[in-house]
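Notes follow once the structure below has been shown.
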């Protein structure tokens, strides 16, 4: 059995657009007619350019190869161009293709992927969700008003979720780590206070940031929210500064979580060695794929750290996360996004019930892709999957951050 053909679909989720502006789905077919699906979570270049990278990686390093040879293909890509270092764009391309290889192998053997990577360790997977606006909420007010977030949290808990995530401390600025404004610190504490009051001890609070703070700023913010006992403080400083993240981890009792923007075991190993994070959040469509994520999980075990795979894209990466999580002993929880479009693309094969996911038992990733639905929503914009703002933090007026990637914004 050899890898023969590649097709790429770039699909754009309709409003409200949770999961990013577009998703890059890859369809790989073998010379024996077996098709595998994967998803690329790499956002540093435009969709057209990223698709060109995917094609180059496939044609240069994978076409004609036995899909079982995951290690060999990984080493080819990791070493491509005499590099042998983490490259999020190239490794992101490989990640989606690698996921498709596992889907192929599972289908060829009529076994779910998790049975090929260690077996069924977890029968139910604890899930968490971001707080998203309810139908009655204003899309702008929601991200800065703690009472609306508390209403959304109560709704999530009523549906069985035992953990909810929110990130009211924006903005995400390309200028690097900044000192948060006092308004942002106060708002963050208010969100934690009101959500904790609304859900009590029925749910953990997951405080999200996206690497936007200086070391001192992150510590000040952590001190303000610590009284409400968040389960984690996510990526408090830029991901390229491991020493700074370790300093924050030492200064706060809140566990530090990180990893959605990292790729390969090399970068996660640095976090573990420095004590910078004890909850790791690989995005399987960027980190190097399912097998690389398993290696990271094994390293984490040795440091008594837990795994919480990241999701801010489409349902194919979600399916890969679930296969990985099912076979991972040091799993904390998995991220979910529930929209009709997510569900429709995989024909409802995976669902969240009472806050948990039951791993599918079907072959491969356990999903079936609705190609017609994916192709009916092509991406036609020129923006990136996610983008950061150029303007600095506003210390005079309100910092208004719109969560996710609202449809129509480029």
task: Go through region 262-361 and tell me which helices (runs of 4 or more DSSP H), entirely inside it, have 3 or more residues that are within 20 Å of residue 87 (Cβ to Cβ) and at pLDDT 95 or above.
output: 264-273, 290-302
Test: residue in region 114-131 that is part of a helix (DSSP H, G or I) and touching a helix residue (DSSP H, G or I) at 6+ places or on another chain (Cβ under 7 Å): yes
- line: Scanning region 246-261 for residues that are part of a loop (DSSP other than H, G, I, E, B) and at negative phi gives 252, 253, 254, 255, 260, 261
query: residue 339 versus (1) farther than 30 Å from residue 177 by Cβ; (2) surrounded by fewer than 22 Cβ atoms within 10 Å (Cβ to Cβ); (3) in contact with a helix residue (DSSP H, G or I) (Cβ under 8 Å, 6 or more places away or on another chain): which is the lone unmet condition?
result: (3)
message: Take the conditions within 21 Å of residue 356 (Cα to Cα), in contact (Cβ under 8 Å) with a residue 24 or more places away in the chain and either part of a helix (DSSP H, G or I) or more than 21 Å from the chain's Cα centre (by Cα) (or both) and apply them to residue 157. Does it pass?
response: yes
Tabulated pairs, region 174-191, first on the phi > 0 side of the Ramachandran plot and touching a residue at least 24 places away in the same chain (Cβ under 8 Å), second buried (at least 16 other Cβ atoms within 10 Å of the Cβ) and not in a helix (DSSP H, G or I), C-beta under 8 angstrom, 6+ apart or interchain: 176/238
message: Taking the condition of being surrounded by 15 or more Cβ atoms within 10 Å (Cβ to Cβ), within 23 Å of the chain's Cα centre (by Cα) and part of a loop (DSSP other than H, G, I, E, B), how many residues in region 72-111 meet it?
response: 2
message: Are there strands (runs of 3 or more DSSP E) fully within region 1-71 with at least 1 residues that are under 23 Å from residue 314 (Cα atoms) and free of Cβ contacts under 8 Å to residues at least 60 places away in the same chain? List them.
response: 3-11, 23-30
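The values are calculated or read from the model by the stated rules, or taken from the named source; none is laboratory data. Predicted model only: the values in this text are computed from it and were never measured. So basically every Cβ, Gly included, is an ideal-geometry build from the backbone, and we count neighbours across all protein chains shown.
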